[in-house]
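J.: Could you have a look at this structure, given as structure tokens, before my questions?
The values are calculated or read from the model by the stated rules, or taken from the named source; none is laboratory data. No experiment lies behind these values; they were computed from the predicted model shown. Note that each Cβ is placed from the backbone with ideal geometry, even for glycine, and that neighbours are counted across all protein chains shown.
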Amino acid sequence: MNIYGVDTDKPVVPSVVRDAIVNCFIQAHIEDAKKAGIEESGMARLFCEDKVREAFNQTGGNFDNPTKDSLKYAINYLATFSSIFRDKSIIEKHKNDINQLINLIS
């Protein structure tokens, strides 16, 4: 199975899950833009990576050297941030997908 670019049949490490969080956030951002009739300018990756970095910083984690716990804190932070403008069911779906990856970290 593939979740946000991560092959779940291979070993999963924290840095790969961090990258999946960025990809997940980009995907959700682009979907929201399309629903609003806004053409994506190509800035989504920079904006989304910055938000994920902020999530790690705000929760005491290290974006460049994530741990299983810091990944959990970061996705909770991002879910709270996203709840301002994103449908709760979408947030829960993305959060559950990422939690599947976190649970695969050994």
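J.: Has the range 46-58 got any residue that is among the polar types (S, T, N, Q), modelled with pLDDT of 90 or more and either under 15 Å from Asn2 (Cα atoms) or crowded, with 16+ Cβ neighbours inside 10 Å (or both)?
T.: Scanning the range 46-58, I find no residue that is among the polar types (S, T, N, Q), modelled with pLDDT of 90 or more and either under 15 Å from Asn2 (Cα atoms) or crowded, with 16+ Cβ neighbours inside 10 Å (or both), so the answer is no.
J.: Follow-up. Inside the range 9-26, can you point out the residues that are buried (at least 16 other Cβ atoms within 10 Å of the Cβ) and in a helix (DSSP H, G or I)?
T.: Pro14, Val16, Val17, Arg18, Asp19, Ala20, Ile21, Val22, Asn23, Cys24, Phe25, Ile26
J.: While we're looking at this one, here's another question. How many residues does the range 47-63 hold that are of a type outside the set (Val, Ile, Thr), assigned to a loop (DSSP other than H, G, I, E, B) and without any contact (Cβ under 8 Å) to a residue 40 or more places away in the chain?
T.: So the count comes out to 3.
J.: Of the residues Ile90, Ile30, Ile98, which single one is touching a helix residue (DSSP H, G or I) at 6+ places or on another chain (Cβ under 9 Å), in a helix (DSSP H, G or I) and at pLDDT 95 or above?
T.: Ile98
J.: Has the range 64-73 got at least one residue that is surrounded by 18 or more Cβ atoms within 10 Å (Cβ to Cβ) and in a loop (DSSP other than H, G, I, E, B)?
T.: Scanning the range 64-73 turns up at least one residue that is surrounded by 18 or more Cβ atoms within 10 Å (Cβ to Cβ) and in a loop (DSSP other than H, G, I, E, B).
J.: Do you know which residues across the range 78-87 are farther than 16 Å from Asn23 by Cα, part of a helix (DSSP H, G or I) and out of contact with any Lys or Arg (no Cβ under 8 Å at 6 or more places or on another chain)?
T.: Thr80
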